[in-house]
Structure formats: structure tokens, C-alpha cells
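Peer 1: Below you'll find the structure I mean.
The values are calculated or read from the model by the stated rules, or taken from the named source; none is laboratory data. The shown structure was predicted, so the numbers you read here are calculated from the model rather than taken from an experiment. Cβ sites come from the backbone with ideal geometry, for glycine too, and all protein chains shown count toward neighbours. Please note that ligands, DNA and RNA were not included when accessible areas were found on the heavy atoms of the full protein model with its side chains. Shrake-Rupley method; radii C 1.70, N 1.55, O 1.52, S 1.80 Å.
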Amino acid sequence: MLPANAPAWIDRLLTWLEPFEDCFGHVAQRGAFRRYLLGLLSDSPRKSMSAMLARVSDPGSYQAFQHFITDAPWAAESLWRRLRERTPAREGVLIFDGTSFPKQGPHSVGVARQYCGALGKVANCQVATTAALWTGTQAWLLGAQLYLPGTWLTPAARHRARIPASVRFHEKWRQALTLLRQIRAAGFRITAVLADAEFGDNSTLRAALHRANLPYAVGISSTVTVFAGAPSLRPPQPPTGHQGRPHRRPTLPSGITPYAVTTLVNQWPARAWRRITWRNASHARPWTASFAAHRVTPAHAWRQRPLDPEVWLLAERDEGATPRTKYYFVHLPASASLRTLVRLTHQRWAIEQQYQDLKDELGLDHFEGRTWPGWQKHAVLTALAYTFLQVERRRRPSPSLTLPHVRAIVQEVLTAHFFVTRPHYLHRMLKLQQVSLRI
């Protein structure tokens, strides 16, 4: 029997899917689109196509289901654009990050020996750059781009994985800037940008954020160099008589030296550090660490170009048996308090929670196809399912109503609906259960 509120849930789901259906060319694609979303939301523990199809349709339609993902001529990017239009939250912090998908073999598009965050080491995996909007209460996935190592852009690899000729090699930081442009063009108001050191180390990305007048808090490596404060460089010297070629590079005033951030931080006195406690969510356990911050100027390539703007260098030391120090550049006014710097920097936790929900609840990392179009389509359909669950949470805001909780409700509704509309499956399961009891 269907739960009493099942018709309302099903109606809201179908209503949510309607605006996306004109992204598909004909009725067969629209039907497959609905089945795929229902499969992602179903009780199938594995979100491979065959496992999902068994929960939402007759197994005989597997070829059509696979065709929808691997061959059907619909564009994932058009669905991303529509999803950004339909995302109800329009303002928040934008979080860039890379997420990885461990793989056993070499055939999945983009797979290579590279750092795998899911395993914490270099391993065989795919990596994608993602952008999430964090409102302070909910996260919304607004874009994902699969990172392609150069080995995947040879003619043979392109043909094998069906990678279009228009797809070029893009570093992860460049993918992040592409996503930023798309998201701002869609009308979102970005209040700040957060990222880890994989993005924060890149001076071109930081310069782009400065040009866009966007505050940011980004992780950096311990080897990044800075000037304490904001030094004034001496301009290049003009030509002088016949003494050879002029000196065309700026020079540093006497006593001014760039330091690696770890060297500079180790010079700070003990009184510069403060113990701060914070929470990553209102119901989460508190975290405590020691922090210190000073104004600095990044010193990357200072001889070749004008100095970067002055920013905060924030250092964090945990309270473990062997304390580790983390470093961040934070672009906020010089008047910002230390607690304000910490509060902005540590909102990045939301992306880790989002990855957990996308993978554990919706199978973002379960895709078994090997082609570029297939991965792109699975990623955007997973984002659409995730957004529906967040919309349902938004209808009844409560700290206790987590995304897994909402997904469990939807799963119960869809499972009941499946057996009501296909009673032969229930009869088959009951027979199998009787056989297992006799054994």
C-alpha cells in the first residue's frame, strides 16, 4: 500500500521535472529522463544503469536506457543551464573543489594515476572540478567538469572515449574560472569564493577574483612566497649612457625580502596566536584550533609583473599530538577580525558534506560508462536529483531534516509506488523469499 502522502510527493517530483523536459528531443528521451531520475532516487544501492533500471522499469528496455546516456543527442550543458535557472537559492558563497572517483581499470574517460582525495593518495581515478553555492544552511551544485589529463586528448583516446574536438586541455583552476563565469552569467550573487590549495596556489585564479572584486578564502601551500605588508618596489632603471642594456626589472628596497609562508609564520610571536572555537553547522560538534593572521603581499613573479594586492595570511594550528599548520590567503578588508577570517575560511566544510550526499545517496561515483558524453550526462542528472532533494528540504526548513532523511522518504514512496504499479515483481520476491526460507 502506498503511504498516505505518496501522491503529493510523486506529484511534486513530476512537477519539478517538467521544466527540464524540453531539453530533450522527443518523447522517448523524456521517458528515459524520468526513469533515470527515478532510478537515482530509488532504493537501488548501486546506481549503475542495470541496477537502477530494475527498480523503475522492465529489464527489456535496458538498451533504450543505455542509449539515452551514451548515444542520444541531448546536451548535458543545456540541462546545467536550466538547472541553474531553476535553483531557488540565488546568493551565497561559491565553493570550488576537486572530487575523485577511484577506478580499477584504465578505460573510463579521464582516468589516470593522479592524486585521489577519496583514497588520500595517488591512485587510478577520475577527477572532476565542481562548483557549489553555499547559503549557510544548504548547498546547491551548480556545475561539474571532468578533468582530462593530456593523455586523453590524443586522436586515439578521443575516438575511444568520444571526446569532441572542441574539448581542450584545461587545468583545474581554469575549469573553476569557467564555472565562475557561467554561474555569474546565470544571475547568482556570489558573496565570496572558497577553495583549497589546489586552486589557491594559482596566482592567475586569485588575480581573476580580484578583478571581479570577489572576497575569497583559499588554501595555499607552505612554500608560497609573500612579502610582509605591502612593499613599494623600485621602478626599472632608465638607460644610462653607453653602459649597455638598461635594467628593466623592478628592484626591492633594502631589507625587503620575500619569505615562504611557513618561514614567515614561524617568526610570529606566541602572543600573535589566539585559540578559537567554531562549529561547521548549528548541530555539529565544536572544533578548536589556534589562529594568527597578518597582512601580506603575494610575491609570485614580482619581477615580471605588478605586485598582487595585499591580503590576509591566515595560519591555523590544530591541537593534535603533532600539531600541523595550514595556511590561507583571505581577501577581506584590513579591518576584518580574526574570527571573521576563520568563519569565512571554514565554510568550505559544506563541499565535503555535499560530496558525501552526492556519492552515498545518489551514486555520483557509480557511473560505469566509459565515454565523455555518458559521464557528462550522469553528472548533471545526479545534480538534478540532488537539487530536487534540497528543494524538498527547503520546503520544511529544519536542522534535523537532512538530505539523507529526505532521500529515505522519497525512496520509501518510490518503492511502494513501484510494487503497487508492478505487482508481478512483488509476487516474484515473495516466492524467492519462500524458497530461501526452505533452504
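Peer 1: For residues that are open to solvent by 40 Å² or more (accessible area, probe 1.4 Å), part of a helix (DSSP H, G or I) and among the charged types (D, E, K, R), scanning just the range 397-433, find the one that is modelled with the highest pLDDT.
Peer 2: Checking each candidate, the answer is 412.
Peer 1: Quickly run through the range 302-350 and pick out the residues that are surrounded by fewer than 15 Cβ atoms within 10 Å (Cβ to Cβ) and touching a helix residue (DSSP H, G or I) at 6+ places or on another chain (Cβ under 7 Å).
Peer 2: If the condition is that a residue be surrounded by fewer than 15 Cβ atoms within 10 Å (Cβ to Cβ) and touching a helix residue (DSSP H, G or I) at 6+ places or on another chain (Cβ under 7 Å), then 309 is the only one that fits.
Peer 1: May I pose another question? What pairs come up if the first residue lies in the range 397-426 and is on the phi < 0 side of the Ramachandran plot, the second is at pLDDT 80 or above and in a loop (DSSP other than H, G, I, E, B), and their beta carbons are under 6 Å apart, counting only those six or more places apart or on different chains?
Peer 2: From residues that are on the phi < 0 side of the Ramachandran plot, the pairs are 404/361; 407/361; 411/43; 414/42; 415/43.
Peer 1: Do we have residue 181 as open to solvent by 10 Å² or more (accessible area, probe 1.4 Å) and over 27 Å from residue 70 (Cβ atoms) here?
Peer 2: On the way: open to solvent by 10 Å² or more (accessible area, probe 1.4 Å): yes; over 27 Å from residue 70 (Cβ atoms): yes.
So residue 181 fits the description; yes.
Peer 1: On the basis of being out of contact with any helix residue (DSSP H, G or I) (no Cβ under 8 Å at 6 or more places or on another chain) and either more than 29 Å from residue 85 (Cβ to Cβ) or surrounded by 21 or more Cβ atoms within 10 Å (Cβ to Cβ) (or both), does residue 382 make the cut? Before you say what the answer is, go through the steps one by one.
Peer 2: Numbers: out of contact with any helix residue (DSSP H, G or I) (no Cβ under 8 Å at 6 or more places or on another chain): no; either more than 29 Å from residue 85 (Cβ to Cβ) or surrounded by 21 or more Cβ atoms within 10 Å (Cβ to Cβ) (or both): yes.
No.
Peer 1: If only one of 387, 345 is of a type in the set (Ser, Thr, Tyr), under 28 Å from residue 167 (Cβ atoms), modelled with pLDDT of 95 or more and assigned to a helix (DSSP H, G or I), which one is it?
Peer 2: Working: 345 fails: under 28 Å from residue 167 (Cβ atoms).
Of the residues listed, the single one that is of a type in the set (Ser, Thr, Tyr), under 28 Å from residue 167 (Cβ atoms), modelled with pLDDT of 95 or more and assigned to a helix (DSSP H, G or I) is 387.
Peer 1: In the set 394, 339, which member is among the basic types (Lys, Arg) and modelled with pLDDT of 95 or more? So that I can check it myself, show each step before the final result.
Peer 2: Details: 394 fails: modelled with pLDDT of 95 or more.
Sole residue among the options that is among the basic types (Lys, Arg) and modelled with pLDDT of 95 or more: 339.
Peer 1: Another question, then. List the residue pairs whose Cβ atoms are under 9 Å apart, where the first residue sits in the range 343-354 and is farther than 19 Å from residue 327 by Cβ, the second is modelled with pLDDT under 90 and not in a helix (DSSP H, G or I), and the two are 6 or more positions apart or on different chains.
Peer 2: So the pair list comes out as 350/280; 350/281; 353/280; 353/281.
Peer 1: Here's another thing I want to ask about it. Given the criterion under 28 Å from residue 107 (Cβ atoms) and open to solvent by less than 10 Å² (accessible area, probe 1.4 Å), identify the matching residue among 364, 358. If you could, list the steps in order and put the result at the bottom.
Peer 2: Numbers: 364 fails: open to solvent by less than 10 Å² (accessible area, probe 1.4 Å).
When all the criteria are applied, what remains is 358.
Peer 1: Something else: Collect the residues in the range 22-41 that are surrounded by 15 or more Cβ atoms within 10 Å (Cβ to Cβ) and either at pLDDT below 85 or more than 16 Å from residue 406 (Cα to Cα) (or both), keeping them in residue-number order. Explain how you work it out, then say what you get.
Peer 2: Step one: list which residues in the range 22-41 are surrounded by 15 or more Cβ atoms within 10 Å (Cβ to Cβ), which gives 23-24, 29-41.
Hits for the range 22-41 are 23, 24, 29, 30, 31, 32, 33, 34, 35, 36.
Peer 1: Here is a further query. Could you list, in sequence order, all residues of the range 103-120 that are modelled with pLDDT under 95 and either farther than 18 Å from residue 161 by Cβ or open to solvent by less than 10 Å² (accessible area, probe 1.4 Å) (or both)?
Peer 2: Answer for the range 103-120, where residues must be modelled with pLDDT under 95 and either farther than 18 Å from residue 161 by Cβ or open to solvent by less than 10 Å² (accessible area, probe 1.4 Å) (or both): 115, 116, 117, 118, 119, 120.
Peer 1: Filter the range 127-159 for residues that are over 18 Å from the mean Cα position of the chain (by Cα) and touching a residue at least 24 places away in the same chain (Cβ under 8 Å); which is surrounded by the most Cβ atoms within 10 Å (Cβ to Cβ)?
Peer 2: 152
Peer 1: Could you list all residues from the range 9-29 that are free of Cβ contacts under 8 Å to residues at least 12 places away in the same chain, under 18 Å from residue 78 (Cα atoms) and acidic (Asp, Glu)?
Peer 2: Within the range 9-29, 18, 22 meet the criteria.
Peer 1: Can you tell me which condition residue 113 does not meet? The list is (1) touching a residue at least 40 places away in the same chain (Cβ under 8 Å); (2) within 19 Å of residue 149 (Cα to Cα), and all the others hold.
Peer 2: (1)
To keep it simple, each residue is scored yes or no on (1) closer than 25 Å to residue 190 by Cβ; (2) touching a Pro at 6+ places or on another chain (Cβ under 7 Å); (3) of a type outside the set (A, V, I, L, M).
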site: 88; (1), (2), (3): yes, no, yes
site: 91; (1), (2), (3): yes, no, yes
site: 105; (1), (2), (3): no, no, yes
site: 111; (1), (2), (3): no, no, no
site: 121; (1), (2), (3): no, no, yes
site: 139; (1), (2), (3): yes, no, no
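Peer 1: Hey, another quick one. I'd like the residue in the range 263-274 that is touching a residue at least 24 places away in the same chain (Cβ under 8 Å) and farther than 12 Å from residue 317 by Cα and, out of all such residues, is most open to solvent (accessible area, probe 1.4 Å). First the steps, then the outcome.
Peer 2: From the range 263-274, those touching a residue at least 24 places away in the same chain (Cβ under 8 Å) are 264-265, 268, 273-274; that's our starting set.
Checking which are farther than 12 Å from residue 317 by Cα leaves us with 264, 268.
Details: 264: 13, 268: 34 Å².
Once the filter is applied, the top-ranked residue is 268.
Peer 1: Considering each residue of the range 304-321, count those that are touching a Phe, Trp or Tyr at 6+ places or on another chain (Cβ under 8 Å) and more than 17 Å from residue 224 (Cα to Cα), and give that number.
Peer 2: 1
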